[in-house]
Amino acid sequence: MPRIDKVSPTPASDAETVLRSLLLRGLDGDAVAYRTFLQKLSVHLRAFLGRRLYGWPDEVEDLVQECLLAMHNQRHTYQSDQPLTAWVHAIARYKMIDLLRAKQGREALHVPLDDELAVFAESTEEASDARRDIGTLLRTLPDRHRLPIEQVKLQGLSVAEAARRTGMSESAVKVGIHRGLKALALKMRGTA
């Protein structure tokens with residue numbers, strides 16, 4: 001079995017091609033390709049998370065390991081017609097949000113969803129990935145949860161305005177937001 005001693009970083013466009021190829025070969029049963037994929041992915045994740053959590057090297061290393069484990073456990077969810085780095089970055093962002101929430105305690109649960117996206121979506125590609133990921137997750141929610149989140153948290157409408165537009169009571173809009181965000185958090189953690 002060949003030994004891989006050094007894993008060097010690759011430019012972003014090359015990283016997508018190389019990582020995707022290694023993962024697909026690994027999913028087809030090539031153990032060496034899968035091991036190489038995990039090694040190269042750890043370098044990619046360390047850089048991705050390190051830029052966002054500058055000054056927290058221990059947390060970065062912990063998150064890299066958590067992400068690798070999550071990606072290994074969820075590898076069957078990767079859709080080969082989609083960019084691999086979008087899937088990888090989505091999982092990494094969810095893990096990072098979990099870490100930040102744990103560090104900030106319950107106060108982080110009251111931060112508007114669009115504010116959290118602004119913190120993590122530094123480039124056009126990442127912002128696009130985040131919008132697609134959130135859109136995909138929101139579509140899994142029933143209308144009574146999805147519509148209030150979209151209108152209040154994403155569009156910035158007041159609870160009263162959202163209630164008028166949806167025909168729901170203001171308290172139903174608040175409950176819909178609360179339950180919808182709770183359901184989204186569970187889905188992001190992979191427990192729903």
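Some observations on this one:
- Residue that is part of a helix (DSSP H, G or I) and modelled with pLDDT under 80, where the choices are Val119, Val88, Val64: Val119
- Look at the stretch 30-55: where a residue is surrounded by fewer than 15 Cβ atoms within 10 Å (Cβ to Cβ) and a partner is charged (D, E, K, R), sitting 6+ places away or on another chain with Cβ atoms under 8 Å, you get Arg51/Glu122.
The values are calculated or read from the model by the stated rules, or taken from the named source; none is laboratory data. Just so we're clear, the structure is a prediction, and the values are computed from it rather than from any experiment. Cβ sites come from the backbone with ideal geometry, for glycine too, and all protein chains shown count toward neighbours.
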